[in-house]
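Asks: My questions all concern the structure below.
What follows draws every value from the coordinates through simple rules; no lab data is involved. Note that the structure is a prediction, hence the values are computed from the model and not measured. Positions of Cβ are generated from backbone atoms using ideal geometry, with glycine treated the same way; all protein chains shown enter the neighbour counts.
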Amino acid sequence: MKERLNRLKENLWKNKYIVLAFSVAWIALIIFSLNAYRTSMGLEAIGTNVSDHVTELCQGVTVEQELPVLDDARSISIRFATYARRNNKGNVRITVKGNESGTVYADTQTPASDFEDNLFLTVGLDTPLDILKDDDITITLSSDSIRGQGVGVYYTDRDTLEGGSMHINGMPMSDSDITVKLQVPNSYYEHFSKVIIIWSIAVFSVLILMIALEVGPQIRFAMTALLVGMIFIAIITPMSVPDEQFHYEAAYQIVSKLLGEDHTIIDKTYRNYSHFNGHENSALAYFRLIDQFDEPLELKGKYEGVSEDIDNLSCLDYFFPQTVGVFIGRVLKLNFLKTFYLGRFTNLLFYAFCVYWAIRIAPTHKNLIGVLCCMPMFLQQCSSYSYDCMINGLIFVLLAYFLKWYMSKEKIPYSEIAAVSAVVYLLAPTKFIYGLFIVPFYFVPADRFDGRRNKLLVSLVISLPVIYNFVYMLAPQITRMINRIEETYGDSASAVKIQMAGLPIHSDPRQLFKEFDPTGIPDDTYTVGFIVEYPVHTVVMVLKTIRFGLKRWFYDALGRTLSGETLLLPIRIIHILTAVLVLSAFTRQENTLSPLLRIIMIGICVVIGLLILLGFLLSETSKIDELIQGVQGRYFSPLLSYFFVIFANKKFSLPKGTERYLSYIQLLMLFEVILYILSFTFVNY
């Protein structure tokens, strides 16, 4: 311990100028960011979310909204649309004026390129609204953009703002109101936001100091995942992460089975989801967290059926970390909120352990793995009940073992073979397509195993869970197809027809390239038989979907959209994080992969990506759809580590020492992400 402290002192003195520079930039960012987000931080938003229509703000278009004064309102938020354009130009002007006093509370211009699609823009008022000065205010929206390059403002014809009225170019819109909110002080929200901000500043200050003092990457990134993840636990509201309700109830069922209770029912106390808005981050969830966190447990003795019955304990494989927290909470008779957040915390602990384990094992690419581990999407998933936490964590560990086996010159010990087998055993049942990540292990030199025979045996051992799950998942489908094959004769073309999965497959090969007519197929869903019947149509549909969604999937895999794709981070943050990730992939490494192995790893990523698309083609897409439906960027997050590891080379690489600056920039952006999530939640819902 004394030697470690002495080493830290030496590093502090050696890096005193770096510590000073980091500290100055960090303090400047805190001041700038808190000032930028003050218009919505810790305030209660009162108004409407309803958005039925959009009118474009451009030259010659003026939108006015009158609404009653909300006493002591500090800011105003209006929902805009960018139409997903890339070339919005010009400025949008927002003016807020008191009807009785004539006071101009706000008069600001914002570049059209700064708007985020479907999100609220918040404008601070120069002075709080005062009901003694004004009964009503008028919001005026205008723009100097030309048509087709402006942004739109959302409005509804449901008359949601009592006493409000809307005009477009002076023409009254009957019973219509723009989607607008006023922010007023709320002691609960103010207290919550201050706690989170102070906690965040303390956490990031420690992490920045760890970077400056050259603390080992395994400790530094594991602590980043753990400490920043704990902040995500608090600010990402319950049930907002995709499928979190099902994942929580799955863990609850497993605990019921372990306790010998009926697993098909759940006490209403443990299923009280009030103030939790599904995939929408709701500020009311913050209110409930503060107000009810310490309430004593009072079981109602009234039960409801679980959302989806888990009839065996096989799901324990990928719900194990969450189940530990729920088990502790129920055994200790903790209330619902404490039990729920404890399950999130144990999931996060497992992920932080995987991060530490992977970086400690990996002989190269330590910084790349660490940077990727701490991207917003990974932090959100590991801070929730999602079993993506286990998938992502184990894939990092699997990659680390592969790099060690491939680049090490020593014989591989049996303990590591057992560890890899255990990792694959846990990974394979979750989403079996990720089992393809074991393929690079087949390219580890045979001398690491004392000969080809031992290598073949080890490869078979670590592949067994994947082979089993492939057979388990695909065999029933293949059997079903074979059982449904029948031959009929005498059709108009005198060709043999085969029925596969309910769709005809013609023996004439020229028929494979005919155009698809959706009216000629009674079934409205895609099947394996359809893919064989119309391969060209299938390929075209896949390529169109990739062309449309590839960039969005990549950004979303890093965390552009959170909380069920409703929380959209500013694109500038994602661009900076992407740059940090790409540069991390090019940092100098002592050993690199062979060209053949790089090609193999790209191929694995492509195959897994195509299987994901085909899975959603068969499960989520109707024949009237032009693109494959239901695909989200988070499904591709596990591919990123295997994809970016191929870029390290000896000819073009960044010098050593760059890693600390990249990690520092990532931390600054994560602080911005936390402030943005808070701001978004307080304003939007």
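Asks: What translational D, rounded to a whole number of µm²/s, comes out for region 117-232 from Stokes-Einstein when the hydrodynamic radius is the Kirkwood one over Cα pairs, at 20 °C and 1.002 mPa s? Before the final figure, lay out the partial values.
Replies: Values: Rh = 19.3 Å.
Once the numbers are plugged in, D ends up at 111 µm²/s.
Asks: Straight-line reach from Lys194: which aspartates and glutamates have Cα under 19 Å away, leaving out those fewer than 8 places along the same chain?
Replies: Correct list for Lys194: Glu44, Asp291, Glu672.
Asks: Can you sort Met390, Met173 by how many other beta carbons sit within 10 Å, fewest first? Each step should come with its number before you reach the end.
Replies: Numbers: Met390 24, Met173 18.
In increasing order of surrounding Cβ atoms, one gets Met173, Met390.
Asks: Can you tell which of Ser143, Tyr252, Gly216 lies farthest toward the positive end of the dipole of the chain, using +1 and -1 charges on the Cβ of basic and acidic side chains (Lys, Arg; Asp, Glu)?
Replies: Selected residue: Gly216.
Asks: Magnitude of the Cβ-charge dipole of region 43-185, K/R +1 and D/E -1, about the Cα centre, nearest 20 debye?
Replies: Details: 11 positive and 23 negative charges, 160 e Å.
For region 43-185, the charge dipole is close to 760 debye.
Asks: Given that compact globular proteins tend to follow 2.2 N^0.38 Å, what is the ratio of the alpha-carbon Rg of region 536-609 to that value? Display every interim value, and only then the final one.
Replies: Details: Rg = 16.0 Å, N = 74, 2.2 N^0.38 = 11.3 Å.
Rg over 2.2 N^0.38 Å, computed on Cα atoms: 1.41.
Asks: Given a Förster distance of 45 angstrom, what is the FRET efficiency for Phe652 paired with Ile198, based on the Cβ-Cβ distance and rounded to 0.05? Present the calculation step by step, with values, prior to reporting the outcome.
Replies: Details: r = 43 Å, r/R0 = 0.95.
In this case the efficiency is close to 0.55.
Asks: Hey, with R₀ at 22 Å, roughly what FRET efficiency would Ser274 and Ile571 work out to, going by the Cβ-Cβ distance, to 0.05? Display every interim value, and only then the final one.
Replies: On the way: r = 34 Å, r/R0 = 1.56.
Efficiency, rounded to the nearest 0.05: 0.05.
Asks: For region 396-408, just list the computed ³J(HN,Hα) in residue order, Karplus coefficients 6.51, -1.76 and 1.60, θ = phi - 60°, integers in Hz, with x standing in for Gly and Pro.
Replies: 4, 5, 4, 4, 4, 5, 4, 4, 5, 5, 6, 9, 6
Asks: If you count, for each residue, the other Cβ atoms within 10 Å and average over each peptide, how do 439-448, 237-246 line up from highest to lowest?
Replies: So the peptides 439-448, 237-246, ranked by packing, come out 237-246, 439-448.
Asks: Along the charge dipole of the chain, pointing to its positive end and built from +1/-1 on Cβ of Lys, Arg, Asp and Glu, which listed residue (Gly152, Ile31, Phe443) has its Cα farthest out?
Replies: The listed residue farthest towards the positive side: Phe443.
Asks: Please report Phe350, Phe293 as a ranked list, fewest other C-beta atoms within 10 angstrom at the top and most at the bottom.
Replies: On the way: Phe350 20, Phe293 11.
Ascending Cβ contact count within 10 Å gives the list Phe293, Phe350.
Asks: Loop only per DSSP, at most 14 neighbouring Cβ atoms within 10 Å: give me the GluC sites (Glu not before Pro) in region 152-225, ordered by residue number.
Replies: Numbers: sites: Glu162, Glu190, Glu214; in loops: Glu162, Glu214.
Those that pass, being in a loop and sparsely packed, are Glu162.
Asks: For Thr62 and Lys89, what does the FRET efficiency come to when R0 = 22 Å and r is the distance between their Cβ atoms, rounded to the nearest 0.05? Could you put the intermediate results ahead of the total?
Replies: On the way: r = 19 Å, r/R0 = 0.85.
So, using R0 = 22 Å, E works out to roughly 0.70.
Asks: Return the loop-located GluC sites (Glu not before Pro) in region 261-321 (DSSP other than H, G, I, E, B) with at most 16 other Cβ atoms within 10 Å of their own Cβ; answer none if there are none.
Replies: Those satisfying the criteria are Glu261, Glu298, Glu308.
Asks: Return the sequence-ordered ³J(HN,Hα) values of region 158-163 in whole Hz as given by the Karplus equation 6.51 cos²θ - 1.76 cosθ + 1.60 applied to θ = phi - 60°, using x for Gly and Pro.
Replies: 9, 6, 7, 9, 4, x
Asks: Quick one: Kirkwood hydrodynamic radius for region 43-185, alpha-carbon pairs, angstrom, one decimal? Walk me through the numbers before you get to the answer.
Replies: Details: mean 1/r = 0.0667 Å⁻¹.
Answer for region 43-185: a Kirkwood hydrodynamic radius of 15.0 Å.
Asks: What ³J(HN,Hα) values, in whole Hz, does the Karplus curve 6.51 cos²θ - 1.76 cosθ + 1.60 give for region 15-21 when θ = phi - 60°, with x put for Gly and Pro?
Replies: 10, 4, 6, 5, 4, 5, 5
Asks: A follow-up question, please. Once each part is reduced to its C-alpha centroid, what is the distance from region 20-95 to region 565-600 in angstrom?
Replies: Taking the Cα centre of region 565-600 as reference, the centre of region 20-95 is 31 Å away.
Asks: So, one more: Looking at the chain, which Cys residues are left with no other cysteine's beta carbon under 4.7 Å from theirs?
Replies: Among the cysteines of the chain, those whose Cβ sits 4.7 Å or more from every other are Cys58, Cys315, Cys354, Cys373, Cys374, Cys605.
Asks: Tell me what the chain gives for mean residue ellipticity at 222 nm when only DSSP H runs of n ≥ 4 count, each as -39,500 (n - 2.57), the sum divided by the residue total, rounded to 500 deg cm²/dmol.
Replies: Details: 19 runs with 332 residues, N = 685.
One gets -16500 deg cm²/dmol as the mean residue ellipticity at 222 nm.
Asks: Moving to a separate point now. How much length is gained if the chain between Leu209 and Tyr303 is pulled fully straight, taking 0.36 nm per residue apart and subtracting their Cα-Cα distance, in nm to one decimal?
Replies: Working: separation 94, 0.36 × 94 = 33.84 nm, distance 5.01 nm.
So the extension gain works out to 28.8 nm.
Asks: Take the Cα radius of gyration of region 408-475 and divide it by 2.2 N^0.38 Å, with N its residue count; two decimals is plenty. Let's see the in-between values first.
Replies: Working: Rg = 12.4 Å, N = 68, 2.2 N^0.38 = 10.9 Å.
Rg over 2.2 N^0.38 Å, computed on Cα atoms: 1.14.
Asks: Scan around Thr103 for amide H atoms under 5 Å from its own, H built in the peptide plane at 1.01 Å from N, and keep only partners 5 or more places away or cross-chain.
Replies: The answer is Gly98.
Asks: Next up: Would you list the P(r) distribution for the chain, with all Cα-Cα distances sorted into 10 Å bins from 0 and each bin expressed as a whole %?
Replies: Calculated P(r), rounded to whole percents: 3, 13, 20, 23, 21, 13, 6, 2, 0.
Asks: Further, regarding this structure: Please work out the Cα center distance from region 635-652 to region 371-424, rounded to the nearest Å.
Replies: About 14 Å separates the Cα centre of region 635-652 from the one of region 371-424.
Asks: Give the Rg/Rh ratio for region 526-685, taking Rg as the radius of gyration of the Cα atoms and Rh as the Kirkwood radius, to two decimals. All intermediate terms of the calculation are to be shown ahead of the outcome.
Replies: Numbers: Rg = 18.9 Å, Rh = 18.1 Å.
A ratio of 1.05.
Asks: Out of residues 5 or more away from Thr237 or on other chains, whose amide H comes under 5 Å of its own, with H placed 1.01 Å from N in the peptide plane?
Replies: Result for Thr237 returns Ser282.
Asks: Which residues' amide hydrogens lie under 5 Å from the amide hydrogen of Met173, considering only partners 5 or more residues apart or on another chain, with H built in the peptide plane?
Replies: Sorted by chain and number, the residues that satisfy this are Met166, His167, Ile168.
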